[in-house]
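K.L.:
One structure is given below, represented as structure tokens, and several questions about it will come after.
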2 protein chains.
Amino acid sequence: MKLSAKVEYGVRAMAVLAIYYQSGPLPLREIAEQEIISLKFLEQIFPDLRRAGLVHSTRGSRGGYMLSRPPSEIRVGDIVRAVEGPITPVDCLSEINSSDCCHRKSNCLTRQVWEKLRDRINDVLDEVSLNELVEIKPVESLS
Amino acid sequence: MKLSAKVEYGVRAMAVLAIYYQSGPLPLREIAEQEIISLKFLEQIFPDLRRAGLVHSTRGSRGGYMLSRPPSEIRVGDIVRAVEGPITPVDCLSEINSSDCCHRKSNCLTRQVWEKLRDRINDVLDEVSLNELVEIKPVESLS
DNA sequence: CAATACCCGAGCATTTTTGTCGGGATTGAA
DNA sequence: TTCAATCCCGACAAAAATGCTCGGGTATTG
């Protein structure tokens, strides 16, 4: 039940892009330095984000990446799904294998839990947008 | 964001034990046959469940496993945590590594999401108990 | 043209997963 | 008392996934 390093780095990188929103394209080298992430690894992650339409890339000198939408319109869930693919707690829930997963009665019994789990995970990840992540939180006075 | 096969098998095996609750100890061989799971692999999973106090084992001939509590008092979350350990979406949240994970500012920013995610996952897994899993659901007439 | 970036895919070492294998200890029953 | 069933334990191994690295390409700017 772990997220991959790619996802973690992806979200952190997108948080940086959110901070520099509307400052023109930011090169990956910059993000790599700030976040101490391998540049080559970041280069592997960003095509996924681009294909998902979350960032826009500019090639060549003075190029880089920028968010393709305001931070308020990008949810953490968008990033996670872009980098890792759809959330599937068990293989049985992926559309490819769903046809032949209910041989055993207990599979059908447990399936409802995994579906609920998947939906809730997506919910909580979609509740938080990039701007909420980046904006300074007020200190909670009393809990 | 996947659960391991161990967890999936563990929950299915516990569902079988729930069905046979109060029928005396059920040998792993029986569960293995019903669920088409390798006996030897099940033997690897059940010590975890026993150490977590979820099942009671009887050794020797006519031995086997039985739930140590009524199915209503065993939650899916108990099983998952027994087999996989505590839910930690990112390593930064495990107590071992938590001390040195906030060098980068963005780590602290993203941390709140992962904490929320962890809590919600535990919540949804703890909402469902074994008897809810096993009891026949009424067909939904209209959705 | 030279420097700066993004872009692409192959390779690769490590770790994790998913089991297998062989046996030992314990018990109930014939 | 013997035997078969069962849990118990640890080592090992194959396969998959992870987390990168490497070596180039290609577009763009100054």
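K.L.:
Any idea which of (1) more than 10 Å from chain A (Cβ to nearest Cβ); (2) within 11 Å of DNA strand C (Cβ to nearest atom) is the one B:Ser4 doesn't satisfy?
P.N.:
(1)
K.L.:
Which one is surrounded by the fewest Cβ atoms within 10 Å (Cβ to Cβ) among residues in the range B:53-78 that are within 16 Å of DNA strand C (Cβ to nearest atom) and of a type in the set (Ser, Thr, Tyr)? Reasoning before the result, please.
P.N.:
Initially, the range B:53-78 is screened for residues within 16 Å of DNA strand C (Cβ to nearest atom), giving B:56-66.
Cutting the leftovers down to of a type in the set (Ser, Thr, Tyr) gives us B:57-58, B:61, B:65.
Details: B:Ser57: 15, B:Thr58: 14, B:Ser61: 6, B:Tyr65: 25.
Looking at the filtered set, the residue picked out is B:Ser61.
K.L.:
Looking only at the range B:57-77, which residues are under 19 Å from B:Ser129 (Cβ atoms) and without any contact (Cβ under 8 Å) to a residue 24 or more places away in the chain? Before you say what the answer is, go through the steps one by one.
P.N.:
Keep residues of the range B:57-77 that are under 19 Å from B:Ser129 (Cβ atoms), which gives B:65-77.
Within the range B:57-77, B:Ser68, B:Arg69 qualify.
K.L.:
Oh, and also: Those residues that are modelled with pLDDT of 65 or more and within 10 Å of another protein chain (Cβ to nearest Cβ), I need them from the range B:131-143; list them, please. Walk me through it before giving the result.
P.N.:
Applying the first criterion (modelled with pLDDT of 65 or more) to the range B:131-143 yields B:131-135, B:139.
Answer for the range B:131-143, where residues must be modelled with pLDDT of 65 or more and within 10 Å of another protein chain (Cβ to nearest Cβ): B:Glu132, B:Leu133, B:Val134, B:Glu135.
K.L.:
Of all residues in the range B:7-30 being more than 14 Å from chain A (Cβ to nearest Cβ) and either out of contact with any strand residue (DSSP E or B) (no Cβ under 9 Å at 6 or more places or on another chain) or of a type in the set (S, T, N, Q) (or both), which is nearest to DNA strand C (Cβ to nearest atom)?
P.N.:
Filtering the range B:7-30 for residues more than 14 Å from chain A (Cβ to nearest Cβ) gives B:21-25, B:27-29.
Cutting the leftovers down to either out of contact with any strand residue (DSSP E or B) (no Cβ under 9 Å at 6 or more places or on another chain) or of a type in the set (S, T, N, Q) (or both) gives us B:22-23.
Numbers: B:Gln22: 18, B:Ser23: 15 Å.
Step by step, filter the range B:7-30, then rank; the result is B:Ser23.
K.L.:
Which of the residues belonging to the range A:31-54 are among the hydrophobic types (A, V, I, L, M, F, W, C), more than 14 Å from chain B (Cβ to nearest Cβ) and without any contact (Cβ under 8 Å) to a residue 40 or more places away in the chain? I'd like the intermediate steps shown before the answer.
P.N.:
Our first condition is that a residue be among the hydrophobic types (A, V, I, L, M, F, W, C); within the range A:31-54, this holds for A:31-32, A:36-37, A:39, A:41-42, A:45-46, A:49, A:52, A:54.
Applying the additional criterion that residues be more than 14 Å from chain B (Cβ to nearest Cβ) yields A:39, A:41, A:45-46, A:49, A:52, A:54.
Answer for the range A:31-54, where residues must be among the hydrophobic types (A, V, I, L, M, F, W, C), more than 14 Å from chain B (Cβ to nearest Cβ) and without any contact (Cβ under 8 Å) to a residue 40 or more places away in the chain: A:Leu39, A:Phe41, A:Ile45, A:Phe46, A:Leu49, A:Ala52.
K.L.:
Right, here's the next one. When you look at B:Val124, is it at pLDDT 90 or above and either facing chain A (nearest Cβ under 9 Å) or closer than 29 Å to A:Val128 by Cα (or both), yes or no?
P.N.:
Working: at pLDDT 90 or above: yes; either facing chain A (nearest Cβ under 9 Å) or closer than 29 Å to A:Val128 by Cα (or both): yes.
When the stated conditions are applied, B:Val124 passes them.
K.L.:
Would you be able to say whether some residue in the range B:17-24 is within 30 Å of A:Arg120 (Cα to Cα) and crowded, with 20+ Cβ neighbours inside 10 Å?
P.N.:
Within the range B:17-24, one or more residues are within 30 Å of A:Arg120 (Cα to Cα) and crowded, with 20+ Cβ neighbours inside 10 Å.
K.L.:
Taking the residues in the range A:25-52 that are touching a Gly at 6+ places or on another chain (Cβ under 6 Å) and over 20 Å from B:Trp114 (Cα atoms) as candidates, determine which candidate is surrounded by the fewest Cβ atoms within 10 Å (Cβ to Cβ).
P.N.:
Here the residue is A:Pro27.
The values are calculated or read from the model by the stated rules, or taken from the named source; none is laboratory data. These numbers were taken from a predicted model, which means no experiment stands behind them. Using ideal geometry, Cβ is built from the backbone for each residue, glycine included, and neighbour counts are taken over all protein chains shown.
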